[in-house]
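S.K.: Quick one: structure below, then a few questions.
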Amino acid sequence: DAGVIQSPRHEVTEMGQEVTLRCKPISGHDYLFWYRQTMMRGLELLIYFNNNVPIDDSGMPEDRFSAKMPNASFSTLKIQPSEPRDSAVYFCASSRGTGFGTEAFFGQGTRLTVV
Amino acid sequence: AQSVTQPDIHITVSEGASLELRCNYSYGATPYLFWYVQSPGQGLQLLLKYFSGDTLVQGIKGFEAEFKRSQSSFNLRKPSVHWSDAAEYFCAVGGGSSNTGKLIFGQGTTLQVKP
């Protein structure tokens, strides 16, 4: 398996523009997570899905952030409008099942810079 | 509240020396504990995990960690550090009976290796 695939790897955009980050989870995994990594706050969970349904979005910082999972093999995280403080590395991760032995596998991340 | 604390933000060791990275957690249920490593510009790679059983767990790249419930700790160790071990290390907690792979991360410890 190719692992969790994120695109783009790097994104530079101007303040006010819409940004869309993409994630393809590992085939067969039914949980998908979006994390954000910043110097100030470290790694924080933004939202996660189970079987394409959002379960917990309490970590989404503002209404400018939205996430979707239209099918089992694709998810997007959208920021509209973007602001400089959104600059961070965004990670997608996926896992299979629950309970003993479950672990999350991470993508390479998308480094977002908002200027 | 669930939390993970990595007391050391930055550690420098000489190549060949032993290493111990500290991790303390606060978790109401049975914790599942993880150590991840992140090389510059890369995603997170799982080093090892603890779910139950033997409290000393072995991981990849010669790392091990010991779970001490009485101290709420899960310290990472390596007997002899290699220059390629320079990276950022994250301790994370998740789990309980409904473990899904959702994780709470510590702030990370940056390891520098001196030649």
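The values are calculated or read from the model by the stated rules, or taken from the named source; none is laboratory data. Small disclaimer: the values here were computed from a predicted structure and weren't measured. Here the Cβ positions follow ideal geometry from the backbone for every residue, glycine too, while neighbour counts run over all protein chains shown.
S.K.: So which residues in the range A:98-115 are part of a strand (DSSP E or B), over 11 Å from the mean Cα position of the chain (by Cα) and at pLDDT below 95, if there are any at all?
M.R.: Result: A:105, single match.
S.K.: Can residue A:103 be described as more than 14 Å from chain B (Cβ to nearest Cβ) and either under 27 Å from residue B:35 (Cα atoms) or surrounded by fewer than 18 Cβ atoms within 10 Å (Cβ to Cβ) (or both)?
M.R.: The answer is no for residue A:103.
S.K.: Test each condition in (1) on the phi < 0 side of the Ramachandran plot; (2) more than 9 Å from chain B (Cβ to nearest Cβ) for residue A:44 and report the one that comes out false.
M.R.: So the condition that residue A:44 fails would be (2).
S.K.: Could you tell me whether residue A:44 is in a strand (DSSP E or B), closer than 28 Å to residue B:88 by Cα and among the acidic types (Asp, Glu)?
M.R.: So residue A:44 passes the test.
Every residue, every condition in (1) within 14 Å of chain A (Cβ to nearest Cβ); (2) touching a strand residue (DSSP E or B) at 6+ places or on another chain (Cβ under 9 Å); (3) over 18 Å from residue B:9 (Cα atoms); (4) of a type in the set (A, V, I, L, M), yes or no:
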| site | (1), (2), (3), (4) |
| --- | --- |
| B:28 | no, no, yes, no |
| B:40 | yes, yes, no, no |
| B:50 | yes, yes, yes, no |
| B:53 | yes, no, yes, no |
| B:59 | yes, yes, yes, no |
| B:65 | no, yes, yes, yes |
| B:90 | yes, yes, no, no |
| B:94 | yes, yes, yes, no |
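S.K.: Residues of the range B:57-67 being part of a strand (DSSP E or B) and exposed (fewer than 12 other Cβ atoms within 10 Å of the Cβ), which ones?
M.R.: Let us first name the residues in the range B:57-67 that are part of a strand (DSSP E or B), namely B:57-58, B:64-67.
Within the range B:57-67, B:58 is the sole residue that qualifies.
S.K.: OK, next. Go through the range A:73-97 and report how many residues are surrounded by fewer than 21 Cβ atoms within 10 Å (Cβ to Cβ), assigned to a loop (DSSP other than H, G, I, E, B) and modelled with pLDDT of 95 or more.
M.R.: 5
S.K.: Also: So which residues in the range B:25-46 are touching a residue at least 40 places away in the same chain (Cβ under 8 Å), of a type in the set (S, T, N, Q) and either in a loop (DSSP other than H, G, I, E, B) or in contact with a Phe, Trp or Tyr (Cβ under 8 Å, 6 or more places away or on another chain) (or both)?
M.R.: Passing the criteria: B:30, B:38, B:39.
Yes/no matrix, rows are residues, columns are (1) modelled with pLDDT of 95 or more; (2) touching an Asp or Glu at 6+ places or on another chain (Cβ under 6 Å); (3) of a type in the set (D, E, K, R); (4) closer than 18 Å to residue B:93 by Cβ:
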| residue | (1), (2), (3), (4) |
| --- | --- |
| B:24 | yes, no, no, yes |
| B:32 | no, no, no, yes |
| B:42 | no, no, no, no |
| B:53 | no, no, no, yes |
